[in-house]
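Reviewing the structure listed below.
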Amino acid sequence: MTLQPRHLSMWTYPWDVQEQGIAGLFADLRDRAGLNTISLATSYHAGRFLQPRSPVRKAYFPEDGTVYCRMNEALWQDKEIRPLVAKHVVEHGDMLRALIDERLKGGLRVSCWTVCLHNTRLGMLHPAHVTRNAFGNPNYYNLCPSSPAARDYVVTLVKDVTTRYKPDMLELESPNFMGFAHEFHHEKDGVGLNAEDDFLLSLCFCDHCMARAAKAGVNADAARRTVSGFIAAMCEREIPEKQFPDFPSVGIEAFKAWPDLYAYLQWRTEPVTSLIREVRDQADPATKIVLIDLKDGWLGGVDLEAVGKVCDGAILCCYDMKPDAVAAVIKSGRKVLGTQKYLGLGCRLFYPEITSGADLAARTKAAIEAGADGINFYNYGLVPAKRLDWVRAAVDRL
């Protein structure tokens with residue numbers, strides 16, 4: 001389903017739009033880089049960002065867990081979990097509205113880059129609705145996709161944004177279970193967790209997951225006991241050891257010897273898929289709803305084939321991959337999604353991950369030849385202006 005013209009976008013923060021100005025933004029993205037779309041962060045988490053292009057601040061700390069557009073208060077009446085409009089919107093204006101208005105005058109197409117369940121601010125406010133490991137410890141940065149209140153928050157947020165602003169596309173980031181190691185403030189790990197340890201610690205056994213799995217006929221308590229045993233054993237080892245030799249290449253098959261855990265991992269995709277289905281059902285029909293995902297999305301409970309049946313497609317991020325690996329991921333994604341769904345590549349402009357325009361062009365060309373419909377580049381405000389020329393070199397070869 002190749003879009004005409006091809007979807008070429010760059011992930012961008014609202015504060016960069018405000019600082020560069022609409023005219024400057026268009027000069028950079030459309031005229032210099034050759035893009036036709038902007039993917040604007042409309043819901044985002046905290047962080048510390050080096051801002052090489054900002055004329056006023058080289059380091060920026062955004063508010064945690066806020067939205068960067070206006071909300072329709074009528075949609076949020078009596079909701080347990082509610083969004084907070086960022087101070088940036090109040091103080092500097094609604095950049096999403098400004099871009100939508102420019103689109104109507106022939107400006108860039110607009111996609112809303114929307115962080116869903118990765119929200120520490122809301123997790124701290126609503127600890128009953130965050131993921132919890134096998135010992136019951138909360139992950140405050142991850143609202144749980146099994147929680148009715150968390151699901152209602154995501155569905156209402158997307159409905160609000162799409163009906164008020166009517167963007168061309170909305171990109172769902174983190175509508176799934178997150179890993180254990182995911183940039184929480186000053187994370188400490190003296191054990192030396194390997195990939196399978198991180199996965200086991202990320203598995204959620206909150207009350208909502210336990211109840212939802214039990215309703216599906218899955219023995220979640222037995223699965224929890226198995227996982228807690230693995231975690232306890234991991235904590236006793238002198239140095240980390242790999243217990244599952246084929247992890248993660250074989251997916252959940254690595255755990256087939258433990259039937260209750262295997263059944264739980266099979267079930268674990270249901271909350272994610274059904275949440276995305278509800279999002280698509282409630283969103284404005286004119287806006288395409290796509291998932292932002294990774295090569296091994298199953299680690300977060302994503303079944304890409306199932307997701308492709310309930311929304312409009314996916315963007316697969318291949319940040320640290322060479323052209324052959326990029327092509328393999330896109331070919332696999334196209335096979336799973338079929339020919340009628342949107343499939344995009346997510347490509348990061350960070351050095352030394354990408355070293356030149358030719359390097360970037362090789363990866364993007366490999367993606368398009370493997371079946372990608374478009375490219376999203378990361379990230380406008382985080383890289384020097386001269387790397388926009390790398391993007392142009394890549395675009396000109398497509």
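Within the stretch 70-88, which residues are open to solvent by 80 Å² or more (accessible area, probe 1.4 Å), part of a loop (DSSP other than H, G, I, E, B) and among the charged types (D, E, K, R)?
So the first thing to find is which residues in the stretch 70-88 are open to solvent by 80 Å² or more (accessible area, probe 1.4 Å), and the list is 70, 73, 77-78, 80, 82, 87.
Next, from what is left, pick out any that are part of a loop (DSSP other than H, G, I, E, B): 70, 77-78, 80, 82.
Answer for the stretch 70-88, where residues must be open to solvent by 80 Å² or more (accessible area, probe 1.4 Å), part of a loop (DSSP other than H, G, I, E, B) and among the charged types (D, E, K, R): ARG70, ASP78, GLU80, ARG82.
Yes/no matrix, rows are residues, columns are (1) in a loop (DSSP other than H, G, I, E, B); (2) among the polar types (S, T, N, Q); (3) surrounded by 21 or more Cβ atoms within 10 Å (Cβ to Cβ):
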residue: GLU196; (1), (2), (3): no, no, no
residue: ARG212; (1), (2), (3): no, no, yes
residue: ILE231; (1), (2), (3): no, no, no
residue: SER249; (1), (2), (3): yes, yes, no
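If I ask for residues that are open to solvent by 50 Å² or more (accessible area, probe 1.4 Å) and of a type in the set (A, V, I, L, M, F, W, C), which ones from the stretch 177-192 would you list? Quick ask: steps written out before the conclusion?
The initial filter retains those residues of the stretch 177-192 that are open to solvent by 50 Å² or more (accessible area, probe 1.4 Å), namely 180-191.
If the condition is that a residue be open to solvent by 50 Å² or more (accessible area, probe 1.4 Å) and of a type in the set (A, V, I, L, M, F, W, C), then PHE180, ALA181, PHE184, VAL191 are the ones that fit.
When residues of the stretch 214-227 are filtered for being in contact with a helix residue (DSSP H, G or I) (Cβ under 9 Å, 6 or more places away or on another chain) and part of a helix (DSSP H, G or I), how many remain? Break it down stepwise before answering.
Of the stretch 214-227, the ones in contact with a helix residue (DSSP H, G or I) (Cβ under 9 Å, 6 or more places away or on another chain) are 214, 216-227.
Then drop every residue that is not part of a helix (DSSP H, G or I), which leaves 214, 220-227.
So the answer is 9.
Search the stretch 235-247 for residues being in contact (Cβ under 8 Å) with a residue 24 or more places away in the chain and open to solvent by 100 Å² or more (accessible area, probe 1.4 Å), and hand back the single one that is nearest to the chain's Cα centre (by Cα).
LYS242
List the pairs whose first member sits in the stretch 257-275 and is of a type in the set (S, T, N, Q), whose second member is part of a helix (DSSP H, G or I) and surrounded by 23 or more Cβ atoms within 10 Å (Cβ to Cβ), and whose Cβ atoms are under 8 Å apart, counting only residues at least 6 apart or on separate chains?
Taking only residues 6 or more apart or on different chains, the pairs are THR273/VAL307.
For the stretch 99-123, name all the residues that are within 12 Å of ILE38 (Cα to Cα) and of a type in the set (A, V, I, L, M).
Scanning the stretch 99-123 gives LEU99, ILE100, LEU108, VAL110.
Could you please let me know if TYR140 is touching a residue at least 60 places away in the same chain (Cβ under 8 Å) and of a type in the set (Phe, Trp, Tyr)?
no
Of everything in the stretch 343-355 that's touching a Cys at 6+ places or on another chain (Cβ under 9 Å) and within 15 Å of ASP293 (Cα to Cα), which residue is surrounded by the most Cβ atoms within 10 Å (Cβ to Cβ)?
Initial filter on the stretch 343-355 (touching a Cys at 6+ places or on another chain (Cβ under 9 Å)): 345-348, 354.
From what is left, the residues that are within 15 Å of ASP293 (Cα to Cα) are 345-348.
On the way: LEU345: 26, GLY346: 22, CYS347: 23, ARG348: 19.
Taking the candidates together, the pick is LEU345.
Every residue in the stretch 294-328 that is open to solvent by 40 Å² or more (accessible area, probe 1.4 Å), under 15 Å from the mean Cα position of the chain (by Cα) and among the aliphatic types (A, V, I, L, M), please.
Residues satisfying the conditions are LEU294, LEU299.
Filter the stretch 43-65 for residues that are among the hydrophobic types (A, V, I, L, M, F, W, C) and in a loop (DSSP other than H, G, I, E, B); which is farthest from ARG387 (Cα to Cα)?
The qualifying residue farthest from ARG387 (Cα to Cα) is ALA46.
Which members of the stretch 89-119 meet the condition of being part of a loop (DSSP other than H, G, I, E, B) and surrounded by 13 or more Cβ atoms within 10 Å (Cβ to Cβ)?
GLY93, ASP94, GLY107, LEU108, CYS116, LEU117, ASN119
Of the residues PHE180, PHE199, only one is modelled with pLDDT under 95 and among the hydrophobic types (A, V, I, L, M, F, W, C); which? Break it down stepwise before answering.
On the way: PHE199 fails: modelled with pLDDT under 95.
From the options PHE180, PHE199, the qualifying one is PHE180.
Can you pull out the residues in the stretch 200-236 that are among the hydroxyl-bearing types (Ser, Thr, Tyr) and closer than 17 Å to ALA181 by Cβ?
SER202
Can you pull out the residues in the stretch 358-398 that are surrounded by fewer than 20 Cβ atoms within 10 Å (Cβ to Cβ), part of a helix (DSSP H, G or I) and small (Gly, Ala, Ser)?
Within the stretch 358-398, ALA358, ALA362, ALA393 meet the criteria.
The values are calculated or read from the model by the stated rules, or taken from the named source; none is laboratory data. As the structure is a prediction and not an experimental result, all values here were calculated from the model. Using ideal geometry, Cβ is built from the backbone for each residue, glycine included, and neighbour counts are taken over all protein chains shown. For accessibility, only protein heavy atoms count, side chains too; no ligands or nucleic acids. Shrake-Rupley method; radii C 1.70, N 1.55, O 1.52, S 1.80 Å.
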